[in-house]
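Right, one structure below, let's go through it.
The values are calculated or read from the model by the stated rules, or taken from the named source; none is laboratory data. Fair warning: this is a prediction, and the values are worked out from it, not measured in the lab. Neighbour counts are summed over all protein chains in view; Cβ atoms, including those assigned to glycine, are modelled from backbone coordinates with ideal geometry. Keep in mind that these areas ignore ligands, DNA and RNA; they rest on the heavy atoms of the full protein, side chains included. Shrake-Rupley method; radii C 1.70, N 1.55, O 1.52, S 1.80 Å.
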Amino acid sequence: MPGLTLGDTIPNLEVDTTHGRLRFYDYIGDGWLILFSHPGDFTPVCTTELGKMAEYADKFAERGVKLLGLSCDDLHSHREWIKDIEAYNNGYKVEFPIVADPKRELIQQLNMVDPDEKDAQGNQVPSRALHIVGPDKKIKLSFLYPASVGRNMDEVVRVLDALHKSAKHKVATPANWKPGDPVVISPSVSNEAAKQMFPQGYKSTHLPSNKDYLRLTHV
C-alpha cells in the first residue's frame with residue numbers, strides 16, 4: 001500500500017479542519033502528534049472511538065501529545081457529528097481538530113485506506129489507522145485496524161509512555177510492559193557503559209546461551 005510507514009517523515013500538509021485551516025508542522029510544533037483516521041461520520045464504532053479520544057485528551061496532553069482526527073466527510077458533517085459524540089460520551093468535549101478529506105487525497109498520502117470497506121457510493125474509506133509522530137516529524141509507531149475493530153486507548157497511552165522512555169534512555173520495553181516495570185538495556189550499550197548510564201544498577205538474566213544480552217533496569 002502506498003503512503004507513510006514507520007520511520008517516514010510526515011508531509012507538511014495544509015488541511016481543512018473543524019478548527020480552521022492548519023499545517024501539520026505548525027500544529028505539531030516541538031511536541032508529539034497522534035494522527036488517526038476513522039471510516040465515517042455518524043457510524044457506531046467511530047462514535048465510540050472519537051468519544052474515547054475526547055475522554056483521554058488530558059492524558060495525551062500530559063504527555064505533550066496533540067490529537068488530529070481525519071475522515072473523508074466534509075466539515076459540516078464533522079461539526080454535526082461532534083454533537084452526537086459528546087452526547088454519547090457523557091459530555092466529554094471534542095476539543096481536537098478533525099480533518100475533512102472529501103476528495104480522498106489525504107488518506108492516500110497518509111497510508112490510511114481500508115482495502116475492503118466502501119461507502120454507500122462505492123468509494124474508498126479510511127481504515128482505522130493511527131500514526132504517532134515524534135517531534136522530528138517522523139512516524140514512530142503505527143496501528144492499522146480494519147473498520148470492524150475499535151481501538152484500545154489504554155494501549156495507545158501505554159505505547160506513548162514506552163516511546164517516551166525509549167527516546168530518553170537507551171532502553172527498550174519488554175512484552176506487556178507498563179509504567180513502573182523494568183526495561184531492557186539496548187544491546188548496543190556495553191556493560192561498562194551501562195554502569196555509567198544506569199547508576200541505579202541493572203540485573204543480567206542468566207540464559208542457557210550464556211549470552212549477556214537480557215539486562216533489566218528501572219529508569
Dividing the Cα radius of gyration by the Kirkwood radius, what Rg/Rh value follows for the chain?
1.05
Just the number, please: carbon plus sulfur as a percent of the accessible area of the stretch 21-116, 1.4 Å probe, no ligands or DNA/RNA counted.
48
Given an 8 Å cut-off on Cα distances and at least 6 residues of separation, report the relative contact order of the stretch 1-119 as a percent.
34
Quick one: of the DSSP bridges fully inside the chain, what percent are antiparallel, nearest 5?
75
Largest first, please: the extent of the C-alpha atoms of the stretch 151-206 along each principal axis, to the nearest Å.
41, 24, 19
Amide proton proximity set for ASP73, modelled H, under 5 Å, gap of 5+
ASP41, ASP101
Leaving out ligands and nucleic acids, and using a 1.4 Å probe, what accessible area per residue does the stretch 131-175 come to in Å²?
47
Below 8 Å between Cα atoms, with a sequence gap of 6+, how large is the relative contact order for the stretch 114-165 in percent?
26
Using a 1.4 Å probe, what is the accessible area per residue for the stretch 52-124, in Å²?
54
Using each residue's phi in the stretch 116-126, evaluate 6.51 cos²θ - 1.76 cosθ + 1.60 at θ = phi - 60° and report the 3J(HN,Hα) Karplus result to the nearest Hz, with x for Gly and Pro.
10, 6, 9, 7, 5, 8, x, 7, 5, 10, x
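Take the cross-link list LYS140/LYS165; LYS59/LYS168; LYS59/LYS170; LYS93/LYS137; LYS118/LYS138; LYS59/LYS203 and give me the ones stretching past 22 Å between alpha-carbons.
Table pairs above 22 Å Cα-Cα are LYS59/LYS170; LYS93/LYS137; LYS118/LYS138; LYS59/LYS203.
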If contacts are Cα pairs under 8 angstrom and at least 6 residues apart, what is the relative contact order of the chain in percent?
21
Along the charge dipole of the chain, pointing to its positive end and built from +1/-1 on Cβ of Lys, Arg, Asp and Glu, which listed residue (ALA61, LEU163, PRO126) has its Cα farthest out?
LEU163
